[in-house]
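Q: Quick one: structure below, then a few questions.
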Amino acid sequence: MKMKRAVSVLLSLVLLLSCLSGCRHPGEQPEPPSPISEPTEQLSVQELAEAVLSVSGKEDTLEIERLNQEADADRLAAYIEAVCGLAPEAWEDAAVIRGMGASAFEIVVLRLEDEDAAEELEPALAEYLTAREGAFTGYAPAEAEMASKGQVRREERTVGLFICPNPEGAAAAFSAAYKGEELPAPVEAKPTEEAFTPLFELKDLLHRLLLEAACPEWPDMEKMWTHGADNKSATGWWVPDDGGDWTLGGVTEWGLDEDGNVSEITQNVEYEVMVYLMDSAEEASDWADNLSRRLEEQEEKYRQSGDEVKAELLANGRAVSSGRYVASIVSDHTEDAVHLFPRIVNDPETSGYFRRYIDGLQPAKPADPDPDYPDRVRFVPPNEEDMSLYDTSAILAAWEKGDPSGLSGDDREIYDAAEAILAEIIKDGMTEVEKEIAAYGWLVNNVDYDWTHQDALAETDRRSYGPYGGLVDRAAVCLGYAVSFQLLMDMSGVECLTIVGAAFNSTGDHAWNMVKLDGEWYCADVTWDANGREQMGGSCEWRYLNLTSDEMGRNHQWDYANTPEATAEDRGGAAVQE
């Protein structure tokens, strides 16, 4: 609107000058017209937001919504109050460009009444960035990573917030546009996978895979670790990208002496672990297939030479991919390593693992440890939303009687849906573990996350918090997944609990389950594995099925003292999804 008024003033000046030119005396030479300066008024917040969008790196396929005063003042005001905590009278103008659905993409430009108010808003927006990172952690890791790198920039009384693939460029464009300077060059939009930023160095992934699964005996040899050419017991080395279409991230190979101890590197390698980072998930899958064929060729070579020991070891070797990562594993603990690999690929705890190995393999301590569980974050219930459990007692009573005629409304629809699902997935003679895997797999593959939960302007249906969302609508939030899983377990005769706790250092409410299998408790988070399927496709391997409490405690928080402790290491016999 201000820009329109400026243009109107300029037009009026032009008309006035033309009129004055007709009033000069005959024969009088016209004075040369004074140059008309460009309007000096600041760009509107909407124009600033659009300038930022041009260099933000937004993907062409991302659906966005624009909010501004002219288009929808009420919706914009509601959004600013929800995100910034500002009532309409606290700001002069605002513009928002945001991604829809499972996206953290967001450009917000606010003009406040004075600089003091703008300065006070900066820390609140910085806190909002952290909150958005937490909102997507576990649900959409790439979006959480983008939020963690978001930028806040202020120019006098105008403030901008930028969550996008190119936050530094967005902040620079905001300042340049505000000052009337030339904008930075636009960043060409890239597919999500090309914009992927790993959470850790590959040597971290390699050593965690080695020490926690492929070769758990290594911690005992920590002091024998050497750098350089000594190679007294084992070694790891890393080579740069060779310019080809893949990067060799790390190779560790070792042999065994006659006493079964790790010896110096030999040419006739018996054990090996290799990890790679590929350009895409598709290339990772193809490379895993190539590595599998390589293992088969090595096995055949040893069989032909008559070395059945090495041939059998290679026969048990596996190549596995998870997202962009690939591992080739040959050890006495191959299956353990294969099961662990997808779990640690996106786990922030993998970051810095190699440094901790050199320093004595001390686990990373949380910033706010629980006094009784020092390796876990202190649990402080966020209580940001209603996490009360749906009452399934009437449904279970009807199931026990085999007569749902007394149920009505949502209870009856939930009962009918659960009955149909169990008829589909549960077979006679199944063990408790098999029933658990069947129910877990059904929820992971058939229930989508209700992304209205991450939308500041959307009201999430309360049904998404219970088994109606999980089993009938097939769209749920974490509590809906957890309660749905428990109902299926209860109806299958498997003991199960719903744990209401938190995630992201106790900053966001979260819910998951514990399952008792053959007398041992295990932790399971169907929500985060379902989100893995949504984000990475059907080939995503489960990372949160049947963990110990210590494993779950790396990124979940709960009432530790009053909850069963899961300590079994055998994963409950659960197989990783193929």
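The values are calculated or read from the model by the stated rules, or taken from the named source; none is laboratory data. On a predicted model such as this, the values are computed, not experimentally measured, just so you know. We place every Cβ from the backbone using ideal geometry, glycine too, and count neighbours over all the protein chains shown. Please note that ligands, DNA and RNA were not included when accessible areas were found on the heavy atoms of the full protein model with its side chains. Shrake-Rupley method; radii C 1.70, N 1.55, O 1.52, S 1.80 Å.
Q: Need one number: nm distance between label points at A78 and R474, each 7 Å from Cα along Cα→Cβ, rounded to one decimal.
A: 2.9
Q: Shifting gears a bit: Just read off the accessible area of R303 with the full protein assembly in place, 1.4 Å probe, to the nearest 10 Å².
A: 70
Q: Let me ask you something else. Using 30 Å as the Cα-Cα cut-off, could you pick out the over-long pairs in K149/K179; K310/K516; K401/K516; K401/K435; K301/K435; K401/K427? Let's see the in-between values first.
A: Details: K149/K179 24 Å; K310/K516 39 Å; K401/K516 24 Å; K401/K435 21 Å; K301/K435 41 Å; K401/K427 20 Å.
From K149/K179; K310/K516; K401/K516; K401/K435; K301/K435; K401/K427, over 30 Å: K310/K516; K301/K435.
Q: Which sequence of M274, M430 reflects their accessible areas, 1.4 Å probe, from the largest down?
A: On the way: M274 15, M430 50 Å².
Highest to lowest solvent-accessible surface, that is M430, M274.
Q: For every other residue with a beta carbon closer than 13 angstrom to the beta carbon of S388, add +1 if it is Lys or Arg and -1 if Asp or Glu, then tell me the sum. Display every interim value, and only then the final one.
A: Values: positive: R462; negative: E385, D386, D391, D509.
My count for the surroundings of S388 gives -3.
Q: May I ask you to list the residues of segment 373-405 whose amide nitrogen lies under 12 Å from a point 7 Å from Cα along the Cα→beta-carbon direction of D416?
A: From segment 373-405, the list is 405.
Q: Further question: To the nearest 0.05, what FRET efficiency results for D307 and A131 with a Förster distance of 56 Å applied to their C-beta separation?
A: Numbers: r = 58 Å, r/R0 = 1.04.
Once the sixth-power term is evaluated, E becomes 0.45.
Q: Please quote Rg/Rh for segment 481-532 to two decimal places, taking the Kirkwood radius as Rh and restricting both calculations to Cα atoms.
A: Working: Rg = 11.5 Å, Rh = 11.5 Å.
Rg/Rh: 1.00.
Q: Moving on to the next point. Which value results when the Cα radius of gyration for segment 34-128 is divided by 2.2 N^0.38 Å? Please report the intermediate quantities before stating the final value.
A: Details: Rg = 14.9 Å, N = 95, 2.2 N^0.38 = 12.4 Å.
Normalised by 2.2 N^0.38 Å, the Cα Rg of segment 34-128 equals 1.20.
Q: Given contacts defined as C-alpha pairs under 8 Å and at least six residues apart, what's the relative contact order of segment 119-174, whole-number percent? List each step's numbers first, then the result.
A: Values: 65 pairs, mean separation 16.2, N = 56.
Once normalised by length, the contact order is 29 percent.
Q: Using only the alpha carbons of segment 379-453, determine the length spanned along each of the three principal axes and report them from longest to shortest in whole angstroms.
A: 42, 31, 25
Q: So for D490, D473, what's the accessible-area order with a 1.4 Å probe, most first?
A: D473, D490
Q: I've got another one for you. Keeping all protein chains in the complex and leaving out DNA, RNA and ligands, what accessible area do you get for W451 with a 1.4 Å probe, in Å² to the nearest 10?
A: 40
Q: Taking the Cβ-Cβ separation of E424 and R462 as r and a Förster radius of 35 Å, what is the calculated FRET efficiency to the nearest 0.05?
A: Working: r = 27 Å, r/R0 = 0.77.
After rounding to 0.05, the efficiency reads 0.85.
Q: So if I place +1 on the C-beta of Lys and Arg and -1 on the C-beta of Asp and Glu, and nothing else carries charge, what would the dipole magnitude of segment 65-212 be about its Cα centre? I want it in debye, nearest 20. Don't jump to the answer; show the numbers that get you there.
A: Numbers: 13 positive and 31 negative charges, 123 e Å.
Roughly 600 debye, rounded to the nearest 20.
Q: Okay, which of segment 515-529 sit inside 13 Å, backbone N to the point 7 Å along the Cα-Cβ direction of E495?
A: Answer for segment 515-529: 515-522.
Q: Nearest 20 debye, what's the magnitude of the dipole of segment 284-413 about its Cα centre given +1 on Lys and Arg Cβ and -1 on Asp and Glu Cβ? Please list the in-between numbers first.
A: Values: 15 positive and 28 negative charges, 145 e Å.
Computed about the Cα centre, the dipole is about 700 debye.
Q: How much accessible surface area, in Å² rounded to 10, belongs to the heavy atoms of T130 with a 1.4 Å probe?
A: Rounded to the nearest 10, that gives 70 Å².
Q: Give me the number: length gained by fully extending D279 to K179, i.e. 0.36 nm times residue separation minus the C-alpha to C-alpha distance, one decimal in nm. Intermediate values should be presented prior to the final figure.
A: Working: separation 100, 0.36 × 100 = 36.00 nm, distance 3.91 nm.
Extra length available between D279 and K179 comes to 32.1 nm.
Q: Kindly give Rg over Rh for segment 307-465, based on alpha-carbon atoms, with the Kirkwood expression for the hydrodynamic radius. Walk me through the numbers before you get to the answer.
A: Working: Rg = 23.1 Å, Rh = 21.5 Å.
Checking Rg against Rh, the ratio lands at 1.08.
Q: Stretch K401-D375 to full length: gain in nm at 0.36 nm per residue minus the Cα-Cα span?
A: Values: separation 26, 0.36 × 26 = 9.36 nm, distance 4.56 nm.
Stretched fully, the K401-D375 segment lengthens by 4.8 nm.
Q: How large is the dipole of segment 377-512 about the Cα centre if only Lys and Arg carry +1 and Asp and Glu carry -1, each at its Cβ, rounded to the nearest 20 debye? Display every interim value, and only then the final one.
A: Numbers: 8 positive and 25 negative charges, 50 e Å.
With Lys and Arg at +1 and Asp and Glu at -1, about 240 debye.
Q: Among V52, G101, L129, pick out the residue whose Cα is farthest towards the positive end of the charge dipole of segment 33-136, where Lys and Arg carry +1 and Asp and Glu carry -1 on C-beta, about the Cα centre.
A: G101
Q: For labels at Y560 and K149 in the simple 7 Å Cα→Cβ model, what's the distance in nm?
A: 3.3
Q: While we're on this one: For segment 278-388, place one equal point scatterer on every Cα, skip the solvent, and apply the Debye formula. What is log10 of I(q)/I(0) at q = 0.14, 0.23 Å⁻¹?
A: -0.79, -1.18
Q: Across 5 Å bins from the origin, how do the percents of Cα pairs in segment 405-552 run, short distances first?
A: Bin by bin from 0 Å, the calculated values are 2, 10, 19, 23, 22, 14, 7, 3, 1, 0.
Q: Using the beta-carbon distance between A87 and D448 and R0 = 35 Å, what value does 1/(1 + (r/R0)^6) give for FRET efficiency, to the nearest 0.05? Present the calculation step by step, with values, prior to reporting the outcome.
A: Values: r = 35 Å, r/R0 = 1.00.
With R0 = 35 Å, the Cβ-Cβ based efficiency is 0.50.
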